[in-house]
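Asker: Please find one structure pasted underneath; my questions will follow.
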Amino acid sequence: MGYLLPTEYVQYGLTAETTDDWVTTASALMESYCRRPSLMVTQYVERLRITAGSQTVQLSYRPLMAATGAASALVSVRVRYAKPRRGELADPFREQVAWAFNVPGSWSGLDVAAVDLNSTTGEVTLPQNFLGLDYNEVEITYTSGFVTVPVSIKVACAQVVKNAQATPAVNVKRSQVDSLQIEYFSGVLIDPQVQALLRPYVAERLG
């Protein structure tokens, strides 16, 4: 999708003659840079390994945003107590008790209300189970992105278009912008100003 409406082109410094394909291609380039399919509200599923001795994990996509009608950005949380890796076996007796009550590696659903979520940092803290053991793997389904396009994203989109139009090898006369050509010049088009605007939305730990 394009992050600028045709009626906003002039407002954000583009010419009235700017065609929609410039904005569409610039928007796709921004999504590629942020390593996410969209900057609007999208549902993600992440399976994360939990560090031994810790019950917290960091989600990759921000800002966290509840979907329309939802009470929380968390949709579902599943955890499991898989067999520990080498060096993680802190208490062999407790491990044997845990395996007696639960099939090692089986998933259990958690009430999302029992999970502590820091919406600003994307940090998720999990409760301990009734045996006092820490989970070591979690699968979290959540939503992240914007309901309405913020000004910073619109400014970034307009800047990418202006950078493309100012690059001689990209600014060619054709009915549609070549997305492969745009991608080739991504290092020029996503300049430091655009990078600063997009920095809060770049996916963490991916790639």
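The values are calculated or read from the model by the stated rules, or taken from the named source; none is laboratory data. Just so we're clear, the structure is a prediction, and the values are computed from it rather than from any experiment. Don't worry about glycine lacking a Cβ; one is built from the backbone with ideal geometry, like all the others, and counts go over all protein chains shown.
Asker: Looking at Q176, is it on the phi < 0 side of the Ramachandran plot, polar (S, T, N, Q), at pLDDT below 70 and not in a helix (DSSP H, G or I)?
Answerer: yes
Asker: Of all residues in the stretch 66-76, which are within 16 Å of V45 (Cβ to Cβ) and not small (G, A, S)?
Answerer: L74, V75
Yes/no per residue for (1) modelled with pLDDT of 95 or more; (2) in the same structural domain as E46 (by TED's automatic domain parsing); (3) touching a Leu at 6+ places or on another chain (Cβ under 9 Å); (4) closer than 24 Å to L5 by Cβ:
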residue: G132; (1), (2), (3), (4): no, yes, no, no
residue: E137; (1), (2), (3), (4): no, yes, yes, no
residue: A158; (1), (2), (3), (4): yes, no, yes, yes
residue: K162; (1), (2), (3), (4): no, no, yes, yes
residue: Q193; (1), (2), (3), (4): no, no, no, yes
residue: L206; (1), (2), (3), (4): no, no, no, no
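Asker: Please name all residue pairs, on different chains or six or more residues apart, with Cβ atoms under 7 Å, provided the first residue is in the stretch 1-30 and is assigned by TED's automatic domain parsing to the domain that holds K162 and β-branched (V, I, T) and the second residue is surrounded by 14 or more Cβ atoms within 10 Å (Cβ to Cβ) and not in a loop (DSSP other than H, G, I, E, B).
Answerer: Between residues of the stretch 1-30 that are assigned by TED's automatic domain parsing to the domain that holds K162 and β-branched (V, I, T) and residues that are surrounded by 14 or more Cβ atoms within 10 Å (Cβ to Cβ) and not in a loop (DSSP other than H, G, I, E, B), the close pairs are T18/V161; V23/C157; V23/V161; T25/S179; T25/I182.
Asker: Evaluate the following for Q55: is it crowded, with 17+ Cβ neighbours inside 10 Å, polar (S, T, N, Q), over 25 Å from Q195 (Cβ atoms) and touching a residue at least 40 places away in the same chain (Cβ under 8 Å)?
Answerer: Yes, satisfied.
Asker: Looking at the stretch 1-112, what strands (runs of 3 or more DSSP E) fall wholly within it and have at least 3 residues that are modelled with pLDDT of 90 or more?
Answerer: 42-49, 74-80
Asker: Select from the stretch 29-52 the residues that are of a type outside the set (S, T, N, Q) and exposed (fewer than 14 other Cβ atoms within 10 Å of the Cβ) and list them in ascending order.
Answerer: Residues satisfying the conditions are P37, V45, R47, R49, A52.
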